[in-house]
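**Student:** Have a look at this one.
The values are calculated or read from the model by the stated rules, or taken from the named source; none is laboratory data. The structure presented is a predicted model; accordingly, all values stated were derived computationally and were not measured. Ideal geometry is used to build each Cβ from the backbone, glycine not excepted, and the neighbour counts take in all protein chains shown. Side chains included, ligands, DNA and RNA excluded: accessible areas come from the protein's heavy atoms. Shrake-Rupley method; radii C 1.70, N 1.55, O 1.52, S 1.80 Å.
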Amino acid sequence: PACLPACLPACLPSFLPSFLSLFYSKMKLCPILIASFLSSRASAFTPAPASNNNKAASAFGVTSTKAEISSVPSTEIVDKTLTGIDDGVQHDVFDPLSGDSPALTRNNKSEVWVPQRARPRRNRKSPAVRNMVRENIVTPANFIYPLFIHDETFNQDIASMPGCERHSLDSMIKEVAEAYQFGVKTFVLFPKVPDELKTNLGVEAYNPNGIVHRAIRMIKEKFPEATVCTDVALDPYSDQGHDGVVENGKILNDVTINQLCKQAVSQARAGADVVAPSDMMDGRVGAIRDALDSEGFTDVSILAYTAKYASAYYGPFRDALDSHPGFGDKKTYQQDPANGREALIEAALDAAEGADMLMVKPGMPYLDVIRRLKDNSNLPIAAYHVSGEYAMIKAACERGWLDEKSVVLETLTCFKRAGADIILTYYAKQAAQWMAEDGLF
C-alpha cells in the first residue's frame, strides 16, 4: 500500500472494484492485506476528528440529526404505561406486553412491570445504601509504601515509573512524613547500590552502615511508630544481578540463605520491624526465623514473598534499582506464571517455617493466586501492585485513556476483594490523599 498513489482514497468509489480485481487475479492479494490497506490511513488510537456534518444514518436507513449527550439528568416524567409510544412508526415493532406468552405484564397502575421479587439494584439505589452494604473497604492502613533510595544528595526520576524517584535519605524522610499524615504508616525500602559495592556474595547487604541500615535508623528516630519493612535478597548488592550467589551460572540455594540470614539480622539490629525475603530460595524463611530468634529478635515479623512469579512486570522496578539480571533469567527460583497450585505448596512451607504474612507478586494478573492463598491459609495475605502494573496505569492516564484516580482506587479495591489484607503499592501516598480528600478517612 505504501507505493500506491496518495490520491487513491479520494477516488476509491470508482477505482476500488478494478483495483481489487487486478490484485486478486494478478497478485493473489489476500483479504487481510485488503483490510489492512483500507484502514491504513486510520490511527489505531487517535479518534477521528469531529465532523461538521451532524447527520447520521439510523438503523432503519433514515437520516437524522445527532442529539448531543446531555450532562444534566432528564427531569421529564416518563409515562410508565408506555401507551402509544410507537404510534406512527413505519415498521413492525415487537410488543413485550402482547401475545399468548408476554415477556412483561402490567401492575395495578397499568405500568409495565417485570414480576420479580428479588431486585439486586435496590442495594445500589443510593450512595448511603451502597456504602452500608459494601463488602470490601480499602484504608491507608492496608498499604505498604515502597520507597527507592540512593546514597546521593539529589533525587533521580525513574523514567519508566513516572511520579516515582530514587530518594536521597533526606528526601525519603520528607516522603515518609507526607505519607504519614494521610495514614500510611508502613514503608518498605529498596536501595540503589553503587556498582563498586556489588559482589557475587553480596556482602554489602549486611553492612551496618549501609544505606538501608542508615535509612531504617533515620525513619525510626523520626517516626518511632512507623513500621519499617526491609527487602531480604541479594540482587541489589550482586554484581550478577541475581537474588542469590552464582556459581557456573547456577544460583546456589543454601549458600545464598547463609548470606540472607546475615542480612536479616543486620536489618533487625538497625531497627527493622518486618523483614521480607524476596529471594525465593527453598528453606530461607525457616532459616531466617531461627537466625532472628537466636539473636533475640522474636518480635521481628517475616513477610514472605511466598508466590513470587518469574514475571515480565518487574522491568521498571529493575530500572529503579539497576538490578536487571546480568545473565539469563530468574526462572530457576521464581515461580512459573502458568502454575497456580504450586503457590499452595510454597504457602504451606512458609507458614510451617514461621512466616507471619504471605505475599503474592505480581498483583493484578495473579488475583486468582491471592484468592487461593486466602482460602487455604489463616495468615494475612499481601499483594504487590508491581512496577509494571503501575507503569501501565500511568501511561494510559497520561494519554487520557483512563481516569487515574478512579482506576487506581478500583484496582486497590480489587486486591482487597480477591483476599489481600495488605497492599504494597507505589500509589500508597496518592491513594491515601484521594481518600482523605473524599472524606473517606
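**Student:** Please state which one of A233, A276 is within 20 Å of L303 (Cα to Cα), in contact with a Leu (Cβ under 6 Å, 6 or more places away or on another chain) and open to solvent by less than 40 Å² (accessible area, probe 1.4 Å).
**Tutor:** Result of the check over A233, A276: A276.
**Student:** Just give me the residues in the stretch 163-208 being open to solvent by less than 30 Å² (accessible area, probe 1.4 Å), part of a loop (DSSP other than H, G, I, E, B) and charged (D, E, K, R), in sequence order.
**Tutor:** Passing the criteria: only K198.
**Student:** Right, next: Determine whether the stretch 375-382 contains at least one residue that is out of contact with any Cys (no Cβ under 9 Å at 6 or more places or on another chain), more than 25 Å from V133 (Cβ to Cβ) and not in a loop (DSSP other than H, G, I, E, B).
**Tutor:** Yes, some residue in the stretch 375-382 is out of contact with any Cys (no Cβ under 9 Å at 6 or more places or on another chain), more than 25 Å from V133 (Cβ to Cβ) and not in a loop (DSSP other than H, G, I, E, B).
**Student:** State yes or no: is M218 in contact with a helix residue (DSSP H, G or I) (Cβ under 8 Å, 6 or more places away or on another chain), part of a helix (DSSP H, G or I), open to solvent by 20 Å² or more (accessible area, probe 1.4 Å) and farther than 19 Å from K330 by Cα?
**Tutor:** yes
**Student:** Then there's this: Out of the stretch 405-417, which residues are of a type in the set (S, T, Y) and free of Cβ contacts under 8 Å to residues at least 12 places away in the same chain?
**Tutor:** S406
**Student:** Show the residue pairs meeting these rules: Cβ distance below 8 Å; 6+ apart or different chains; first residue within the stretch 418-429 and more than 15 Å from I381 (Cβ to Cβ); second residue in a loop (DSSP other than H, G, I, E, B) and open to solvent by 10 Å² or more (accessible area, probe 1.4 Å).
**Tutor:** Matching pairs, first to second residue: Y426/G163; Y426/C164; K429/F182.
**Student:** Pairs please, first residue from the stretch 320-345 and among the small types (G, A, S), second anywhere and modelled with pLDDT of 90 or more and open to solvent by 70 Å² or more (accessible area, probe 1.4 Å), Cβ atoms under 7 Å, 6+ apart in sequence or on different chains.
**Tutor:** Final answer for the pair search is G340/D368; G340/R372; A343/R372.
**Student:** Here is a further query. Restricting to the stretch 322-351, count the residues that are under 30 Å from L197 (Cα atoms) and open to solvent by 60 Å² or more (accessible area, probe 1.4 Å).
**Tutor:** The qualifying residues number 8.
**Student:** Condition first: under 18 Å from G419 (Cβ atoms) and part of a helix (DSSP H, G or I). Can you find one or more residues in the stretch 328-342 that meet it?
**Tutor:** Yes: the stretch 328-342 contains one or more residues that are under 18 Å from G419 (Cβ atoms) and part of a helix (DSSP H, G or I).
**Student:** Quick one: which of V265, V246, V193, V285 is under 25 Å from C164 (Cα atoms) and in contact (Cβ under 8 Å) with a residue 24 or more places away in the chain?
**Tutor:** The unique qualifying residue is V193.
**Student:** Quick check on the stretch 296-316: of everything there that is buried (at least 24 other Cβ atoms within 10 Å of the Cβ) and among the aromatic types (F, W, Y), which residue is farthest from M280 (Cα to Cα)?
**Tutor:** As a first pass, look at the stretch 296-316 and keep what is buried (at least 24 other Cβ atoms within 10 Å of the Cβ): 303-309.
After this cut, where a residue has to be among the aromatic types (F, W, Y) as well, the list is 305, 309.
On the way: Y305: 7, Y309: 9 Å.
Per the stated criteria, the residue is Y309.
This table checks each residue for (1) in contact with a helix residue (DSSP H, G or I) (Cβ under 7 Å, 6 or more places away or on another chain); (2) under 24 Å from G210 (Cβ atoms); (3) open to solvent by 80 Å² or more (accessible area, probe 1.4 Å).
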residue: R124; (1), (2), (3): yes, no, yes
residue: M132; (1), (2), (3): no, no, yes
residue: F143; (1), (2), (3): yes, no, no
residue: P146; (1), (2), (3): no, yes, no
residue: I149; (1), (2), (3): yes, yes, no
residue: I158; (1), (2), (3): yes, yes, no
residue: M161; (1), (2), (3): yes, yes, no
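**Student:** Condition first: at positive phi and within 49 Å of the chain's Cα centre (by Cα). Now tell me which residues in the stretch 65-110 satisfy that.
**Tutor:** Listed by number, the list holds a single entry, L82.
**Student:** Next question, about the same structure. Between A428, A351, A383, which is touching a Ser or Thr at 6+ places or on another chain (Cβ under 7 Å) and at pLDDT 95 or above? Don't jump to the end; show me each part of the working.
**Tutor:** Details: A428 fails: touching a Ser or Thr at 6+ places or on another chain (Cβ under 7 Å); A383 fails: touching a Ser or Thr at 6+ places or on another chain (Cβ under 7 Å).
That would be A351, the only listed residue that is touching a Ser or Thr at 6+ places or on another chain (Cβ under 7 Å) and at pLDDT 95 or above.
**Student:** Here's a check for you: in the stretch 261-298, which residue that is under 21 Å from S238 (Cα atoms) and touching a Lys or Arg at 6+ places or on another chain (Cβ under 7 Å) is modelled with the highest pLDDT?
**Tutor:** P277
**Student:** Okay, next question. Kindly provide the set of residues from the stretch 347-366 that are touching a helix residue (DSSP H, G or I) at 6+ places or on another chain (Cβ under 6 Å) and in a strand (DSSP E or B), ordered by number.
**Tutor:** L358, V360
**Student:** Could you tell me which residue of the stretch 299-327 is farthest from the chain's Cα centre (by Cα), considering only residues that are at pLDDT below 90, of a type outside the set (A, V, I, L, M, F, W, C) and part of a loop (DSSP other than H, G, I, E, B)? Even if it seems obvious, please write down each step before you answer.
**Tutor:** First, pick out the residues of the stretch 299-327 that are at pLDDT below 90: 312-327.
Subset that is of a type outside the set (A, V, I, L, M, F, W, C): 313-316, 318-319, 322-326.
Remaining after also requiring part of a loop (DSSP other than H, G, I, E, B): 322-326.
Details: D322: 21, S323: 21, H324: 21, P325: 23, G326: 26 Å.
Step by step, filter the stretch 299-327, then rank; the result is G326.
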